[in-house]
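Written below as structure tokens is the structure these notes are about.
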Amino acid sequence: MKITKICCIGAGYVGGPTMAVIAQKCPHIQVTVVDLNEQRIKDWNDPNTDNIPIYEPGLSEIVSEARGRNLFFSTEVEKAIDEAQVIFISVNTPTKTYGKGKGMAADLKYIELCARQIAKVAKQNKIVVEKSTLPVRTAEAIKSILDNTGNGVQFQILSNPEFLAEGTAVTDLLNPDRILIGGDTTPEGEEAINALVDVYANWVSKDKILTTNVWSSELSKLTANAFLAQRISSINAMSELCEKTGADVSEVAKAIGMDSRIGPKFLKASVGFGGSCFQKDILNLVYIAKSYGLNEVADYWEQVIIMNDHQKRRFSNKIVQTLYNTVADKKIAFLGWAFKKDTNDTRESAAIYVADDLINEQAKISVYDPKVSRNKMLSDLDYLETRSDEANSKALSIFDNAYEACKSAHAIAILTEWDEFTTYDWQKIYDSMHKPAFLFDGRNILDAKHLESIGFIYKAIGS
Ligand code: UDX
Ligand code: ADP
């Protein structure tokens with residue numbers, strides 16, 4: 001089967017960039033990205049591609065090239081489903097906030113809605129591809145809905161997890177370490193797998209395209225994220241020990257990373273990992289393990305989350321303790337709000353939790369982030385429901401440059417590793433602050449010696 005029409009349901013951080021790259025690399029395939037959110041689609045269609053709703057280096061150029069040629073953004077979900085041979089499901093799968101599995105299991109209501117919609121609309125055989133990270137055996141549920149509600153149409157369900165990291169989405173998509181495609185081992189399943197392999201083979205070499213059964217593919221995605229998150233929690237656990245013993249966690253990370261069995265990546269101690277995937281996927285894994293009665297397995301992975309929560313709280317506690325055990329009415333400047341650099345995504349960002357802790361201590365927070373909007377920051381805090389929206393907007397002031405945010409502050413906390421923070425005139429910032437001036441580097445990106453020579457009391461994670 002030769003694919004000429006693709007539809008993607010969900011124009012978010014996964015669907016948007018992934019489809020833009022497929023469209024750029026496969027000009028012979030018509031790619032339509034649909035979403036229920038009209039504003040989001042309007043933003044993707046903004047004539048000025050600098051205004052598209054997701055910031056990723058290199059993305060606006062790709063959208064400029066492909067949009068209107070073979071890349072389309074639309075709210076006409078049913079039409080796009082009807083026309084496409086392949087339908088990617090890239091809708092959100094947040095952790096459940098109610099009922100059974102609350103706080104742990106993935107909420108599959110958006111996925112189920114998609115499946116029902118596909119079943120209702122489809123008149124010809126289709127390949128349905130799970131792109132969102134999903135619990136193992138979701139494909140089975142999707143298949144059951146499609147087969148039992150559809151009108152005799154044949155569906156093949158593939159799992160094709162996305163491994164892109166935000167901030168480097170475009171390069172990850174253009175040069176992936178691997179593409180993983182899971183499908184049924186029947187002849188029809190294999191035909192569907194091959195059709196999708198051919199799409200990726202337009203720019204990815206075949207030896208990097210791995211095919212497996214559906215369950216292996218689904219579980220590999222959760223496992224990859226769990227392993228990555230576990231490395232961060234492991235180095236963060238060591239960071240606390242380093243602070244007590246006088247070792248320096250960056251030196252420890254370098255020393256162990258030179259062991260080729262361990263490798264140097266993902267060993268940067270930090271105020272804690274954020275993002276939409278790590279916590280959600282591990283909670284998913286924990287939930288699945290528990291549901292099979294594998295309590296030791298569940299406890300083992302849950303510890304990664306416990307350590308991460310501890311690291312965020314430890315950072316806010318350290319700020320309070322160092323500032324003579326009180327931050328009441330003190331101004332603490334936050335540099336960075338996004339969960340990592342080069343993205344405007346703030347989901348599960350450590351900054352939200354650190355701000356919440358410090359506001360509980362009656363601190364005033366002033367924030368500067370190069371890409372995150374004021375409304376986003378406030379809604380992140382409001383979402384925690386710790387206090388009224390009004391109290392949050394009183395406690396949080398937002399600036400559009402770092403020098404203003406830091407003026408008259410008692411302390412600065414680095415929450416995101418944006419490159420521009422390393423280029424600042426730190427003497428000028430120091431001169432504008434209350435003395436003694438404190439700097440808490442939650443990302444270990446600044447030069448300790450230089451800052452201490454200016455007069456800052458400088459504290460980094462793990463040293
Ligand atoms: C992750 C996976 O990397 C990606 O493969 C998957 O598809 C989605 O989840 P993402 O969450 O976008 O991607 O970013 P990632 O680069 O993995 O960073 C996650 C968090 O870990 C960030 O908050 C980052 O700052 C933090 N981190 C990362 C560290 O604290 N230390 C490190 O050494 C690396
Ligand atoms: P991710 O990071 O997984 O891409 P996002 O939240 O950024 O998650 O994007 C998911 C998108 O899916 C949202 O824009 C949401 O409006 C959209 N969506 C959810 N359910 C449906 C649906 N049934 N039909 C169309 N779009 C949907």
Under a crude label model (7 Å from the Cα following the beta-carbon direction), how far is residue 297 from residue 379 in nanometres? 3.7
Tell me, what is the per residue accessible area of the chain in Å², probe radius 1.4 Å? 45
Ranked output for segments 29-39, 288-298, 207-217 by mean other Cβ atoms within 10 Å, highest leading, reads 29-39, 207-217, 288-298
Region 286-327, accessible surface, carbon-and-sulfur percent (1.4 angstrom probe): 55
Rule-of-thumb Rg ratio for region 225-321 [Cα; 2.2 N^0.38 Å; N residues]: 1.16
13 Å beta-carbon shell around residue 403, net charge (K/R +1, D/E -1): -3
Just to verify a number: FRET efficiency for residue 388 and residue 42, C-beta to C-beta distance, R0 = 25 Å, to 0.05? 0.20
Calculate the FRET efficiency for residue 425 and residue 201 from the Cβ-Cβ distance with a Förster distance of 60 Å, rounded to the nearest 0.05. 0.75
Hey, what angle do you get for helix 295-322 against the long axis of the chain, alpha-carbon based, 0 to 90 degrees rounded to 10? 30
Going 7 Å from the Cα of residue 144 in the Cα-to-Cβ direction, what parts of region 206-220 have a backbone nitrogen less than 20 Å from that spot? 214-219
Suppose R0 equals 25 Å; then what is the FRET efficiency for residue 450 and residue 265 from their Cβ-Cβ distance, rounded to the nearest 0.05? 0.40
Folded to 0 to 90 degrees: helix 187-200 orientation relative to the chain principal axis, Cα: 50
Once the mean 1/r over all distinct Cα pairs of region 132-262 is inverted, what Kirkwood radius in angstroms do you read off? 17.6
Using Cα positions and a limit of under 19 Å, work out the lysines in reach of residue 407, with same-chain residues fewer than 8 apart set aside. 330, 331, 364, 394, 428, 435
Over the residues of region 311-448, compute the C-alpha Rg and express it relative to 2.2 N^0.38 Å. 0.94
Taking the square root of 5 times each eigenvalue of the Cα gyration tensor, what semi-axes in Å does the equivalent ellipsoid of region 1-71 have, largest first? 19, 14, 10
Rg(Cα) / (2.2 N^0.38 Å) computed for region 77-183, rounded to two decimals: 1.14
Under the √(5λ) rule applied to the eigenvalues of the Cα gyration tensor, what semi-axes describe the equivalent ellipsoid of region 368-463? Give them in Å, descending. 26, 14, 13
The relative contact order of region 156-297, taking Cα pairs under 8 Å that sit 6 or more residues apart, comes to a percentage of 20
Descending principal axes extents, the chain, alpha-carbon based, whole Å: 73, 52, 43
Ordered by packing density, taken as the mean number of other Cβ atoms within 10 Å over each peptide's residues, highest first, how do 269-281, 413-425 rank? 269-281, 413-425
Given the peptides 153-161, 1-9, 84-92, arrange them by the average over their residues of other C-beta atoms within 10 Å, most packed first. 84-92, 153-161, 1-9
Run down the lysines and flag those whose C-alpha is under 25 Å from the C-alpha of residue 206, throwing out any fewer than 8 positions away in its chain. 2, 5, 25, 126, 131, 221
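The values are calculated or read from the model by the stated rules, or taken from the named source; none is laboratory data. Being a predicted model, the structure only gives us computed values, none of them experimental. With ideal geometry, Cβ positions are generated from the backbone for all residues, glycine too; neighbour counts draw on all protein chains shown. Quick note on the areas: whole protein, heavy atoms, side chains included, nothing else; ligands and nucleic acids left out. Shrake-Rupley method; radii C 1.70, N 1.55, O 1.52, S 1.80 Å.
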